[in-house]
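Student: My structure is below; once you've seen it, I'll send some questions.
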Amino acid sequence: MLRLETKQLILREIHLDDWRDAQALDADPLVVRYQSNDVLGPEGTQEYLQRSIAAAAETPRKIFDLAITLRGEDRYLGRVGLEIVRPEHREATLWFNLRRDLWGKGFGTEASRAMVDFGFHTLKLHRIFGDCDPRNQGSARLMEKLGLKREAHLRENWWLKGEWCDSYIYAVLEHEWPTAPSKS
């Protein structure tokens, strides 16, 4: 069972019991505004959690989708994850979401930093990237705070929720990561 600890947070495997707290995020139109899914009902949230739990049991594991919780509490506040999309190139994509009342408090950055650190140090990845809609300024700022560099602005590359949307692509390489082990 994967568990990552930071100063304020515990990142742990997702449980089916998380569904009520996860549903609060999935039902919030502002939280899902820039996600590929629409608002989900309880069944949709439960199906997502079941897929996440099943992916955690796969060998080799390619999806690391963890619940964000505060130290001393086990309540699901959001999730952060990596998916190894091209194992032969040691490349993964990063994602995160968080309860709206916790936006701007640094929890998303702290959780994402721990996940990127895990990706480089434990999974031995070479490149981690994330994408966001340019209108999602909070996600763009979070990736910039982490040290990911904007590599691209793709114009109208995604048909989402009835409109063409742009994407920013951000990435960081293993040797650029602040806690990269020294090469000898």
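Derivation of every value follows stated rules applied to the coordinates shown; laboratory data play no part. Computed from a predicted structure; not experimentally measured. As a convention, Cβ positions derive from the backbone with ideal geometry for all residues, glycine included, and neighbour counts pool all protein chains shown.
Student: Are there trypsin sites (Lys or Arg not before Pro) in the stretch 113-184 that DSSP marks as loop and that have at most 14 other Cβ atoms within 10 Å, and which are they?
Tutor: Here the trypsin sites (Lys or Arg not before Pro) that fit, given the DSSP loop and packing criteria, are Lys124, Arg135, Lys161, Lys183.
Student: How would you classify the stretch 3-176 from its alpha-carbon gyration tensor, with a ≥ b ≥ c the square roots of the eigenvalues: rounded for a/c under 1.5, else prolate if a/b is greater than b/c, otherwise oblate?
Tutor: rounded
Student: Along Cα→Cβ, 7 Å out, is where each label goes; now give me the distance between the ones at Lys62 and Trp164 in nm to one decimal.
Tutor: 3.1 nm
Student: In nm, give the distance between the simple-model label positions of Asp28 and Arg150, each being 7 Å from the Cα along the Cα-to-Cβ direction.
Tutor: 2.5 nm
Student: Next question, about the same structure. Over the C-alpha atoms of the stretch 1-73, what are the Rg and the largest Cα-to-Cα span, Dmax, in Å?
Tutor: So, for the stretch 1-73, Rg and Dmax equal 13.0, 35 Å respectively.
Student: For Cα pairs less than 8 Å apart in space and 6+ apart in sequence, what is the mean separation divided by the residue count of the chain, i.e. the relative contact order in percent?
Tutor: RCO, the chain: 17 percent.
Student: Related question: Test of the criteria: in the stretch 53-133, which GluC sites (Glu not before Pro) are in a DSSP loop and have at most 10 other Cβ atoms within 10 angstrom of their Cβ?
Tutor: Within the stretch 53-133, the qualifying GluC sites (Glu not before Pro) (loop, at most 10 other Cβ atoms within 10 Å) are Glu58, Glu73.
Student: Another question, if that's okay. Less than 21 Å apart at the alpha-carbon level, and either on another chain or at least 8 residues along: which lysines does that give for Lys105?
Tutor: Cα-Cα hits under 21 Å: Lys7, Lys145.
Student: Considering only DSSP states other than H, G, I, E and B, which trypsin sites (Lys or Arg not before Pro) in the stretch 1-51 qualify as loop sites with at most 10 other Cβ atoms within 10 Å?
Tutor: Passing both the DSSP loop test and the Cβ count: Lys7.
Student: Given points 7 Å out from each Cα along the Cα-Cβ axis, report the Asp74 to Arg100 separation in nanometres with one decimal.
Tutor: Taking the simple label geometry, Asp74 and Arg100 are separated by 2.9 nm.
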